[in-house]
Amino acid sequence: MVLESDLELMLRVREGDAASFEALLHRYRVPLVSFFCRMVRDQGLAEDLAQEVFLRVYKSRERYQPEARFTTWLYRIATNLALNAIRDRKETVCDAPGDDSDSGPILDRFADPQPTVEQRLMRADRERLIRQAVGALPENQRVAVILHKYQEVDYHQIAKVLSVSESAVKSLLFRAYETLRVRLEPLLREGQI
Amino acid sequence: MKCLETDKLISYAYHLADESAASEVRAHLEACPHCREIVEQHARLDGLLDEWKTASPRPGFDVRVRQAVEAQQASGQAWGFWGWGWTRGLALASLAGLMIAGLLWYAHSYLRVSHSSAIATRQSHAASSAQNPSPEVKIQSSNSTNDGGVRPAQAISASALGVASLNEDKDAQALEDYDLAANFDLLSELPKRASRVVN
């Protein structure tokens with residue numbers, strides 16, 4: 001079975017083909033929810049935002065320009081939604097430092113089959129520190145790191161998503177990764193042991 | 001040995017450097033333990049960041065997306081019917097209302113002008129009749145005499161003047177003017193008639 005490209009699928013969606021929309025939904029549901037989970041750190045909100053992205057893709061199908069890569073377009077929509085959600089939440093939601101309330105389901109799902117209680121706690125603590133370190137980055141650096149590291153989007157494409165130059169994206173990544181290295185140094189030293 | 005800029009090291013660690021820059025860093029790292037340590041830390045950081053896992057969409061996510069799209073389709077149709085159709089209908093109704101209002105205003109203005117013209121014509125006609133009484137005018141009086149004695153103004157029949165249909169104030173005013181003119185004529189003749197009687 002030959003996988004159809006995003007472009008082919010999207011052009012068919014533009015013609016009103018529901019099956020092609022389903023294929024795009026199946027292909028990008030996990031990456032988008034993961035992206036939003038890391039951006040907004042709330043599973044329910046992440047799913048709502050991912051749903052909104054698919055809805056906007058559907059609503060904008062007739063305006064889709066095949067010149068741009070589908071994922072560029074997709075992540076541009078997603079990034080805008082995520083940043084707006086973060087800005088909106090700043091006024092209404094106040095996460096306490098070290099709040100680990102959203103780690104449960106994630107750990108339950110991805111933990112090793114039979115981890116000990118101690119292992120689970122250590123892993124939860126490390127993950128919390130990583131989340132906090134990434135979450136403390138400035139918005140653009142955070143988006144750049146999440147797209148680059150977790151969504152595997154190359155910096156050329158990130159530049160298009162963020163509408164900045166490639167050198168600006170590299171600069172964002174350099175600063176972000178260096179900040180993370182300094183902030184997570186204790187964990188990095190632990191890993192050496 | 002001078003250490004390389006951190007950007008170059010990070011660029012190398014995350015595969016952001018082109019091949020020539022990567023070769024330069026590789027050569028430097030062989031001789032610089034400090035820079036090598038930084039690159040190794042970034043390699044460990046890359047692995048550490050992988051520990052941040054996220055959940056997959058919960059069951060029912062696809063269904064919710066489909067429902068949202070279907071709702072969008074439905075609202076799009078409703079908008080097409082109730083939205084644009086309603087707006088267009090309102091615009092047409094407004095236009096029709098304006099046209100009707102314009103017609104009514106025009107009709108009202110036209111009727112008022114016509115009515116005023118008719119009244120003016122009648123007034124003009126009445127005034128000219130007063131100056132040149134018609135031969136058909138019959139002056140009736142209970143005290144009338146064959147010798148043309150004094151004829152009270154009240155005895156003048158309005159119907160004889162052809163203004164029986166006048167029932168407006170202006171029409172009545174025109175009639176009064178006529179009566180006054182007629183009475184003035186009669187009064188001016190009184191001295192002559194009196195002297196004639198005396199003689």
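If R0 is taken as 35 Å, the Cβ-Cβ distance between B:LYS2 and A:LEU83 corresponds to a FRET efficiency of 0.30.
A Förster radius of 56 Å combined with the Cβ-Cβ distance from A:GLU185 to B:ALA101 puts the calculated FRET efficiency at roughly 0.10. When a/c is below 1.5 the answer is rounded, else prolate if a/b is larger than b/c, else oblate, so apply that to the range A:117-188 with a ≥ b ≥ c taken from the square roots of the Cα gyration tensor eigenvalues. Here the range A:117-188 falls in the prolate category.
For a quick check: with amide H placed at 1.01 Å from N, whose amide H comes under 5 Å from A:ARG69's, ignoring anything fewer than 5 positions away on the same chain? Distant-sequence amide H within range of A:ARG69: zero hits. Rounded to 0.05, the FRET efficiency of the B:GLU24 and A:LEU7 pair, given R0 = 41 Å and the Cβ-Cβ distance, is 0.65. In this structure, the pairs whose alpha-carbon distance is over 24 Å, taken from B:LYS8/B:LYS53; A:LYS59/A:LYS160; A:LYS160/B:LYS2, are B:LYS8/B:LYS53; A:LYS160/B:LYS2.
Through the Karplus equation 6.51 cos²θ - 1.76 cosθ + 1.60, θ set to phi - 60°, convert the phi angles of the range A:139-146 into ³J(HN,Hα) values in whole Hz; use x for Gly and Pro. Along the range A:139-146, the couplings run 3, 5, 5, 5, 4, 4, 5, 5 Hz.
At full extension, B:ALA31 and B:TYR110 could sit 17.9 nm farther apart than now, given 0.36 nm per residue minus the alpha carbon distance. The relative contact order of the range A:1-61 comes to 28 percent, based on Cα pairs under 8 Å that sit 6 or more residues apart.
Taken together, the values in this text are just the output of simple stated rules run on the coordinates, not laboratory data. Fair warning: this is a prediction, and the values are worked out from it, not measured in the lab. Cβ coordinates were reconstructed from backbone atoms using ideal geometry, including for glycine residues, and neighbour counts include every protein chain displayed.
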